1. Given the conditions (1) assigned to a loop (DSSP other than H, G, I, E, B); (2) surrounded by 21 or more Cβ atoms within 10 Å (Cβ to Cβ), and given that I9 satisfies all but one, which numbered condition is not satisfied?
2. Against the condition surrounded by fewer than 24 Cβ atoms within 10 Å (Cβ to Cβ) and away from ligand 1 (no atom under 15 Å from the Cβ), how does G46 come out, does it pass?
3. Please find, among I322, I340, the residue that is among the aliphatic types (A, V, I, L, M) and under 26 Å from F240 (Cβ atoms).
4. Residues of region 251-293 being more than 18 Å from I14 (Cβ to Cβ) and in a strand (DSSP E or B), which ones?
5. Looking at region 276-311, which of the residues that are in contact with a His (Cβ under 9 Å, 6 or more places away or on another chain) and open to solvent by 10 Å² or more (accessible area, probe 1.4 Å) is nearest to ligand 1 (Cβ to nearest atom)?
6. What is the one condition in (1) of a type in the set (A, V, I, L, M); (2) under 28 Å from G404 (Cα atoms); (3) open to solvent by less than 10 Å² (accessible area, probe 1.4 Å); (4) within 16 Å of ligand 2 (Cβ to nearest atom) that I14 does not satisfy?
7. Condition first: of a type in the set (A, V, I, L, M, F, W, C), away from ligand 2 (no atom under 15 Å from the Cβ) and either open to solvent by less than 30 Å² (accessible area, probe 1.4 Å) or free of Cβ contacts under 8 Å to residues at least 60 places away in the same chain (or both). Now tell me which residues in region 312-332 satisfy that.
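The values are calculated or read from the model by the stated rules, or taken from the named source; none is laboratory data. Since this is a predicted model, take the numbers as computed values, not measurements. Neighbour counts run over all protein chains shown; Cβ positions are idealised from the backbone, glycine included. Heavy atoms of the whole protein, side chains included, go into the accessibility calculation; ligands, DNA and RNA do not. Shrake-Rupley method; radii C 1.70, N 1.55, O 1.52, S 1.80 Å.
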Amino acid sequence: MTAQRILLIVLDGIGDRPHPALGGATPLSAARTPVLDRMAREGATGIMDTIAPGIRPGSDTSHLALLGYPPEEYYTGRGPLEAEGSGIRMRPGMIGFRANFATLGPDGLVTDRRAGRIHGTEPLSKAIEDGVDLLPFGVSFRFVSGAGHRAALALEGTGLGDGVGSNDPKHEGVAPTRFEPTTVRPEDVKTAAVLNEFVRQARPILFNHPLNRERLAQGLPPANEVLLRGAGRMGHFEPFGERYGLSGAVVAAATLITGIGKVVGLETIHVEGATGSVDTNLDGKVRAVVDALETHGFVLLNIKGADESGHDGKAEQKRDFIERIDGALAPFLDLQETVIAVCGDHSTPCTVMDHSADPVPVLVRGEGVRPDRVTKYDEFRCAEGGLHRIRGRDLLPTLLDLIGKSHKYGA
Ligand code: ZN
Ligand code: ZN
C-alpha cells in the first residue's frame, strides 16, 4: 500500500552552527527531541540546500523552492507575497509592496520606524484607502493592515513597473527618502511618481486621524508615516492543485508564508493563537494540520519561532523552543497513509543572527521510505543519511513519487 498524502513540516530557521553556550552543539543537536528522532530512525535523512550550496535563502524564496516553484522563475520580490498574505487578492501585473507604519517627529525626521510597534491600525488603513486618490495617474490601489505595525500596498493600472526603490531611510533620526526609479524605463519613472504622491496624500490623513491624536494624548508615538519597500510585480503561478493533482493547504502564522500559499493556490487554515513567535499555539496548529489532512492531499505546516530566536542570538531559547515543537509534533506519529517530511527553510545561526547558507537537516518518513542508520534529527547526524545532500526543489518530487504521483520521464 502506498501513502496518499503529504505533510511537509518546515521548522523555520531550524539549522544552526556550533554554539559556545551549548558546548559546541547546535540548538537542535542539544535539544531533547524524541519525536523527531523517532521519525528520523523510521525514515530517511539528509541535508538540504533549499536553493543551492552557498546561497543564503530568504523564507520566501526557500518556500517557493520547496513548493516546486523555482524562485529564479517565480520570485519577483517580497511585496506581492506580503500583499497576498495581508488579504489583497493580487492579480498578475499588480505591483505589491511591504509597508510599515512609522512615526515622524515635528522636524520631519523618522523617530520610530515601527510607530511604537502599534497594533490595530485598520482604521488608519481604511482612511488611506478612502482618502488617497491616484486616479489622475490611472492607478487604483489597495492598502491593508497586517500584523502589528505592518501593512501592504498594491497598485494596479497600466504603465506601472517594479523598478523602484524605497522611502524607508532604514535608520531613525533621518528623513524618509523620496522614491526613485531604479531604471530609466517610463513605467518605473511613473511608479516612483505615483508612490511619492501616495505618501504625500497619506501624511495629512494620518496626521489628523483621531487614532493618532489619541496616541499623542497618551504619550505614544503616532503612526503618521507609511514606509514602503520590497516592490515586486505579481507573476502568474500555475495553481498547485493543477500542477501536482493534489489539493493543498497551509498552516502558518507569518503573512509571508500564507501569502506564498495563497499565490500558489493553497488553502489558508487560520489557527487561533498562532503568532509566529515562541509563544505560538503549537497544539492548535498541529490539530489544524491533522484536520486538514482529512480533506487535502498536501499540507504545509510552518513553525516560525526558532528563526526568531536565531535572529535574536538566543541559543538556549532556540533549543528550548525546539523541545516544545518536538512535543507538539507527537500526534503526527500516528498519522496513517501519510508521508511526512521535516526540514528547515534555511539556517538562522544564533552566532550570525541572520540567515546563513548552511544546509538544513531533512527527514522523510512514511510507507515505502528506505530507512537509513540515522537515529537523531540534527545537522550532524542527518549529514550521514541516505538522502545525502539534496536541493529544496528535489524534495517535493521525492515526496510525490512516494505517494505515486510522479510522472515517468521517458518510456
Ligand atoms: Zn525562514
Ligand atoms: Zn528569518
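1. The failed condition is (1).
2. Answer is no for this residue.
3. I340
4. Passing the criteria: E267, T268.
5. That would be H311.
6. The one condition I14 does not meet is (2).
7. A315, I322, I325, A328, L329, F332
Results for (1) open to solvent by 10 Å² or more (accessible area, probe 1.4 Å); (2) more than 19 Å from the chain's Cα centre (by Cα); (3) not assigned by TED's automatic domain parsing to the domain that holds F298, shown as yes or no for each residue.
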| residue | (1), (2), (3) |
| --- | --- |
| H19 | yes, yes, no |
| A25 | yes, yes, no |
| S29 | yes, yes, no |
| L36 | no, yes, no |
| E42 | yes, yes, no |
| T50 | no, no, no |
| G54 | yes, yes, no |
